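Visitor: Have a look at the structure that comes next, please.
The values are calculated or read from the model by the stated rules, or taken from the named source; none is laboratory data. In this text the structure is predicted, and so the values were computed from the model without any measurement. Cβ atoms come from the backbone with ideal geometry, glycine included; neighbour counts cover every protein chain shown.
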């Protein structure tokens, strides 16, 4: 018995030793829509970008290109139209072996995730050399309505909103991507305004075509919000970005949308550039973006500013995001000046003290945007407005499974405000009520604003139904508030009911009702959203 | 050799484990068993046997995330690299004007904001009255409709145009001030009528009338004086008990009257300081009407003490024989006895 085990063990060891020799033949072990994984006994001598071949009657034909590799595996993309099957054999032609030890590399994607962008894997490499790209089309059409029902004092009001979003990536296997995010919104009594100017209702946030010349070079034309510069808003024109390893450099040139109706306005030229750095450490990532933007109106400087954004998860359990914007241009009383005025600051950090306890803190200091040419008719008022500052602290604690406790406190103040706004909120949620399997939340809010003092007592229950395709919720709040100016108590009973239902494939329905009842008056509001993905 | 049966499974385990680590495209420390997602059909995701509970991950698939294609979030096959903060996948259409705590307004079930009232309760401007049903774009007037600039919380920050356009009364010409809440209630549904607070001129007592035109020129609220006499001149002139005009009474009605109907009680408290103490001292409570002392209703400068104080002139003459400038009339009494007491 012992001898047999010895023989088996020896055979295994021989096999393992044989594997270490690294024959250049590999086996297809895994196929995804974008990638083909090939396992070798050793990839020694193979490098990213190398071509792998398949033996056919007429000899070796190129079929794959290596995107990344580990000591025994390669992540590849197909060349040409060859259809792969599991266990297909491919051949590599390693370069002359280097001296020294090869460090094993995990088979992971090093692509960074860019907000708002689609899968990076869909954009890898250019189409030079016959690299095949896979076309993907995702989108959604949404119809929403916000309705306030008629009551004794007010006529009803209804706002309808239609949203179409779509991203067609790698069209026809090329590097071309088309994207749009467009809404059309109007109230039932607003048609005259819409007829007068379509852009009173039509808002185009994204209507762009992008072309990836390679994995590291992207050109975008049309209207698009650059995720690295979202505070700039939409850019009508050209955006070009080139990556140099962990660095990205980009330039933008075009127009900013009209400041009254968000249409295209060729008088509002803007240009700028940005540098972004992406660093991946052992525990997380760090991303920095520095941008300079000049915005004009009829050839005159309207606004000039720098923007810096930093996000960091390098320290274990600590997540940090910060952004700061500083105006570099000021025009007061006809005098143009170069300045450095902090305009917007936002900091948000979250720290997981222990697995069940998370703390978060955010601070913002915000001013109204000042375009010195566009807003010169009411510039005095804008210049007079003070900075709005806000603090928000939150703690979440999960002492036992399914029980969530939390509190948050907020403070907001602008110097013109009669009083600072303060509020504090505590809640307790238990997500698995025995027998019914529902989630129950009880909460309490204390609030103090410039006009109101009060407390809110609330309770809510929600539950997934129909195999988690239907989510239902019920809430009740009692609002005990006093209108400070007249020492007038305005108690309110607020009831809410909501349904979210994925009722047919990718068709999603949300209905939400909110009823607010005062002593002699009730307000009823209904939200409906019907969304179809494709 | 007896330990071989133990060594062999251990080596096999290490071998298989090492193989799995290098073969898996899902990264290091990936602990989900393959058969949660894959079957013998191949390495494609087999939805027929898929049994991984995504709710155990850092990002439970709530709401519409459950309908989203896996690769829209999992850009690489290393699932731990998927981002969990909203803004990392969703472009910020608010242009960083509201921070990146998206869950304060949105839920995974819909982008629709169904807690508008609650958001405002925790903000600087809780929604009351007509504000509860106002269209969002009425206040948040950015061109894109989604950029939320800081707004002032004073009424005039949003209603300046109404203030400037109002002609009845003309707020600008009348320098009515921009503290709208002094006249208009935040819970109101209109600027006028029931929505108008008359607290600057309380409509109480005799002013509790429903016919605005009794004070205001019909359709014109811009030149309504607040002085009593402006409206009550006829009453002043017609009053005979006492005859206000003939007696030269002040037209500052508030000196004697309140807004109680019927002009009563009329209360002339300054009588004590300026003329003679009748609300204090020995005369307090000793009189019922003005005419007890002022017998001539057309001349309140004349009065008599003798209605109540029955004196014999001869006895008074004897008693004041040593007083210079003595004469037997009420005016002379007052001159020497300004508080009404004999000892003064």
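Visitor: I'd like the full set of residues that are part of a strand (DSSP E or B) and over 21 Å from the mean Cα position of the chain (by Cα), limited to the stretch A:181-204. Steps first, answer last, please.
Guide: The initial filter retains those residues of the stretch A:181-204 that are part of a strand (DSSP E or B), namely A:181-187, A:202-204.
Correct list: A:184, A:185, A:186, A:187, A:202.
Visitor: A follow-up question, please. Mind checking whether some residue in the stretch A:242-251 is within 12 Å of another protein chain (Cβ to nearest Cβ) and modelled with pLDDT under 95? So that I can check it myself, show each step before the final result.
Guide: Just the residues of the stretch A:242-251 that are within 12 Å of another protein chain (Cβ to nearest Cβ), to begin with: none.
Within the stretch A:242-251, none of the residues are within 12 Å of another protein chain (Cβ to nearest Cβ) and modelled with pLDDT under 95.
Visitor: Still on this structure, please answer the following. Confirm whether residue B:193 is at the interface with chain A (Cβ under 8 Å from one of its Cβ atoms), free of Cβ contacts under 8 Å to residues at least 24 places away in the same chain and within 22 Å of the chain's Cα centre (by Cα). Steps first, please.
Guide: Working: at the interface with chain A (Cβ under 8 Å from one of its Cβ atoms): no; free of Cβ contacts under 8 Å to residues at least 24 places away in the same chain: yes; within 22 Å of the chain's Cα centre (by Cα): yes.
Criteria not met by residue B:193.
Visitor: Does at least one position in the stretch B:285-301 carry a residue that is assigned to a loop (DSSP other than H, G, I, E, B) and under 42 Å from the mean Cα position of the chain (by Cα)? First the steps, then the outcome.
Guide: Looking only at the stretch B:285-301, we keep the residues that are assigned to a loop (DSSP other than H, G, I, E, B), and these are B:285-289, B:293-301.
Within this subset, residues satisfying the condition of being under 42 Å from the mean Cα position of the chain (by Cα) are none.
No, the stretch B:285-301 contains no residue that is assigned to a loop (DSSP other than H, G, I, E, B) and under 42 Å from the mean Cα position of the chain (by Cα).
Visitor: All but one of (1) more than 8 Å from chain B (Cβ to nearest Cβ); (2) surrounded by 15 or more Cβ atoms within 10 Å (Cβ to Cβ); (3) in contact with a strand residue (DSSP E or B) (Cβ under 7 Å, 6 or more places away or on another chain) hold for residue A:134; which doesn't?
Guide: (3)
Visitor: Something else: Could you please let me know if residue A:206 is touching a helix residue (DSSP H, G or I) at 6+ places or on another chain (Cβ under 8 Å), crowded, with 16+ Cβ neighbours inside 10 Å and in contact (Cβ under 8 Å) with a residue 12 or more places away in the chain? Full working, then the answer.
Guide: Values: touching a helix residue (DSSP H, G or I) at 6+ places or on another chain (Cβ under 8 Å): no; crowded, with 16+ Cβ neighbours inside 10 Å: yes; in contact (Cβ under 8 Å) with a residue 12 or more places away in the chain: yes.
No: the conditions fail for residue A:206.
Visitor: Moving on. I need a count of the residues in the stretch B:197-242 that are farther than 26 Å from residue B:267 by Cβ, free of Cβ contacts under 8 Å to residues at least 24 places away in the same chain and either surrounded by 11 or more Cβ atoms within 10 Å (Cβ to Cβ) or in contact with a helix residue (DSSP H, G or I) (Cβ under 7 Å, 6 or more places away or on another chain) (or both).
Guide: Here the count works out to 4.
Visitor: Please specify each residue of the stretch A:252-266 satisfying the condition of being within 14 Å of chain B (Cβ to nearest Cβ), in contact with a strand residue (DSSP E or B) (Cβ under 7 Å, 6 or more places away or on another chain) and more than 13 Å from residue A:293 (Cα to Cα).
Guide: Step one: of the stretch A:252-266, the residues within 14 Å of chain B (Cβ to nearest Cβ) are A:255-265.
Then keep just the ones that are in contact with a strand residue (DSSP E or B) (Cβ under 7 Å, 6 or more places away or on another chain); that gives A:255-257, A:262, A:264-265.
Passing the criteria: A:257, A:262, A:264, A:265.
Visitor: Hey, could you check the stretch A:48-79 for residues that are outside any strand (DSSP E or B) and closer than 28 Å to residue B:78 by Cβ and say which is modelled with the highest pLDDT? If you could, list the steps in order and put the result at the bottom.
Guide: Taking the stretch A:48-79 and keeping what is outside any strand (DSSP E or B), we get A:48-50, A:57-58, A:70-72.
From what is left, the residues that are closer than 28 Å to residue B:78 by Cβ are A:48-50, A:70-72.
Numbers: A:48: 75, A:49: 75, A:50: 80, A:70: 74, A:71: 73, A:72: 76.
Step by step, filter the stretch A:48-79, then rank; the result is A:50.
Visitor: Here are some conditions: (1) closer than 27 Å to residue A:354 by Cβ; (2) in contact with a strand residue (DSSP E or B) (Cβ under 6 Å, 6 or more places away or on another chain); (3) free of Cβ contacts under 8 Å to residues at least 24 places away in the same chain. Residue A:400 meets all but one. Which one does it not meet?
Guide: The failed condition is (2).
Visitor: Is it the case that residue B:250 is closer than 30 Å to residue B:207 by Cβ and not in a helix (DSSP H, G or I)? Can you show your working first?
Guide: Working: closer than 30 Å to residue B:207 by Cβ: yes; not in a helix (DSSP H, G or I): yes.
Answer is yes for this residue.
Visitor: So how many residues does the stretch A:522-534 have that are within 9 Å of chain B (Cβ to nearest Cβ) and more than 34 Å from the chain's Cα centre (by Cα)?
Guide: Taking the stretch A:522-534 and keeping what is within 9 Å of chain B (Cβ to nearest Cβ), we get A:523, A:525, A:527-529, A:531, A:533.
Going one step further and asking which of them are more than 34 Å from the chain's Cα centre (by Cα), we end up with A:523.
Looking only at that region, the number is 1.
Visitor: Quick one: is residue B:47 more than 9 Å from every other protein chain (Cβ to nearest Cβ), in contact with a helix residue (DSSP H, G or I) (Cβ under 8 Å, 6 or more places away or on another chain) and under 24 Å from residue A:140 (Cα atoms)? Even if it seems obvious, please write down each step before you answer.
Guide: On the way: more than 9 Å from every other protein chain (Cβ to nearest Cβ): yes; in contact with a helix residue (DSSP H, G or I) (Cβ under 8 Å, 6 or more places away or on another chain): no; under 24 Å from residue A:140 (Cα atoms): yes.
The answer is no for residue B:47.
Visitor: What's the number of the condition residue B:178 fails, among (1) within 23 Å of residue A:487 (Cα to Cα); (2) in a helix (DSSP H, G or I)?
Guide: (2)
Visitor: Residue A:166 versus (1) surrounded by fewer than 20 Cβ atoms within 10 Å (Cβ to Cβ); (2) in a strand (DSSP E or B); (3) within 9 Å of chain B (Cβ to nearest Cβ): which is the lone unmet condition?
Guide: Of (1) surrounded by fewer than 20 Cβ atoms within 10 Å (Cβ to Cβ); (2) in a strand (DSSP E or B); (3) within 9 Å of chain B (Cβ to nearest Cβ), only one is false for residue A:166: (3).
Visitor: Residues being away from chain B (no Cβ under 11 Å) and surrounded by fewer than 17 Cβ atoms within 10 Å (Cβ to Cβ): count how many of those fall in the stretch A:407-429.
Guide: Of the stretch A:407-429, the ones away from chain B (no Cβ under 11 Å) are A:407, A:426-429.
Adding the requirement that they be surrounded by fewer than 17 Cβ atoms within 10 Å (Cβ to Cβ) leaves A:407, A:426, A:428.
Result for the stretch A:407-429: 3.
Visitor: Touching a residue at least 40 places away in the same chain (Cβ under 8 Å), surrounded by 14 or more Cβ atoms within 10 Å (Cβ to Cβ) and within 12 Å of chain B (Cβ to nearest Cβ), is that true of residue A:367? Don't jump to the end; show me each part of the working.
Guide: On the way: touching a residue at least 40 places away in the same chain (Cβ under 8 Å): no; surrounded by 14 or more Cβ atoms within 10 Å (Cβ to Cβ): yes; within 12 Å of chain B (Cβ to nearest Cβ): yes.
Considered against the rule, which asks whether it is touching a residue at least 40 places away in the same chain (Cβ under 8 Å), surrounded by 14 or more Cβ atoms within 10 Å (Cβ to Cβ) and within 12 Å of chain B (Cβ to nearest Cβ), residue A:367 comes out as no.
Visitor: Tell me, yes or no, whether the stretch A:503-510 has at least one residue that is under 27 Å from residue A:428 (Cα atoms), in contact with a helix residue (DSSP H, G or I) (Cβ under 9 Å, 6 or more places away or on another chain), modelled with pLDDT under 95 and not in a strand (DSSP E or B).
Guide: Looking for residues that are under 27 Å from residue A:428 (Cα atoms), in contact with a helix residue (DSSP H, G or I) (Cβ under 9 Å, 6 or more places away or on another chain), modelled with pLDDT under 95 and not in a strand (DSSP E or B), one finds none in the stretch A:503-510, hence no.
Visitor: Just one of A:257, A:227 is without any contact (Cβ under 8 Å) to a residue 60 or more places away in the chain and either buried (at least 16 other Cβ atoms within 10 Å of the Cβ) or under 23 Å from residue B:137 (Cβ atoms) (or both); which is it?
Guide: Numbers: A:227 fails: without any contact (Cβ under 8 Å) to a residue 60 or more places away in the chain.
Of the residues listed, the single one that is without any contact (Cβ under 8 Å) to a residue 60 or more places away in the chain and either buried (at least 16 other Cβ atoms within 10 Å of the Cβ) or under 23 Å from residue B:137 (Cβ atoms) (or both) is A:257.
Visitor: Can you list the helices (runs of 4 or more DSSP H) found entirely within the stretch B:59-174 that contain at least 1 residues being within 28 Å of residue A:534 (Cβ to Cβ), more than 8 Å from chain A (Cβ to nearest Cβ) and touching a residue at least 12 places away in the same chain (Cβ under 8 Å)? Spell out the reasoning first.
Guide: Values: elements: B:70-73, B:86-89, B:116-121, B:136-139, B:155-165.
Ranges flagged: B:70-73, B:86-89.
Visitor: Right, next: Residues being at the interface with chain B (Cβ under 8 Å from one of its Cβ atoms) and either in contact (Cβ under 8 Å) with a residue 40 or more places away in the chain or farther than 17 Å from residue A:517 by Cβ (or both): count how many of those fall in the stretch A:489-507.
Guide: The qualifying residues number 4.
Visitor: If residue A:465 satisfies all but one of (1) within 11 Å of chain B (Cβ to nearest Cβ); (2) farther than 28 Å from residue A:421 by Cα, what's the number of the condition it fails?
Guide: Condition (1) is where residue A:465 drops out.
Visitor: When residues of the stretch A:200-241 are filtered for being closer than 30 Å to residue A:189 by Cβ and either away from chain B (no Cβ under 14 Å) or in contact with a strand residue (DSSP E or B) (Cβ under 7 Å, 6 or more places away or on another chain) (or both), how many remain? Spell out the reasoning first.
Guide: Step one: of the stretch A:200-241, the residues closer than 30 Å to residue A:189 by Cβ are A:200-207, A:223, A:233-234.
The next check asks that each one be either away from chain B (no Cβ under 14 Å) or in contact with a strand residue (DSSP E or B) (Cβ under 7 Å, 6 or more places away or on another chain) (or both); those that pass are A:201-207, A:223, A:233-234.
Adding up the residues that qualify gives 10.
This table checks each residue for (1) surrounded by fewer than 13 Cβ atoms within 10 Å (Cβ to Cβ); (2) within 11 Å of chain B (Cβ to nearest Cβ); (3) in a helix (DSSP H, G or I); (4) at pLDDT 50 or above.
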residue	(1), (2), (3), (4)
A:3	yes, yes, yes, yes
A:13	yes, yes, yes, no
A:17	yes, no, yes, no
A:22	no, no, no, no
A:33	yes, yes, no, yes
A:43	no, yes, no, yes
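Visitor: Here's something else I'd like to know. Please find, among A:435, A:355, the residue that is more than 8 Å from chain B (Cβ to nearest Cβ), over 30 Å from the mean Cα position of the chain (by Cα), over 30 Å from residue A:268 (Cβ atoms) and surrounded by fewer than 16 Cβ atoms within 10 Å (Cβ to Cβ). Give the steps one after another, and end with the answer.
Guide: On the way: A:355 fails: over 30 Å from the mean Cα position of the chain (by Cα).
Only one candidate qualifies: A:435.
Visitor: Still on this structure: Which number in (1) at negative phi; (2) crowded, with 22+ Cβ neighbours inside 10 Å; (3) at pLDDT below 95 marks the one condition that residue A:233 misses?
Guide: In the conditions (1) at negative phi; (2) crowded, with 22+ Cβ neighbours inside 10 Å; (3) at pLDDT below 95, residue A:233 misses (1) alone.
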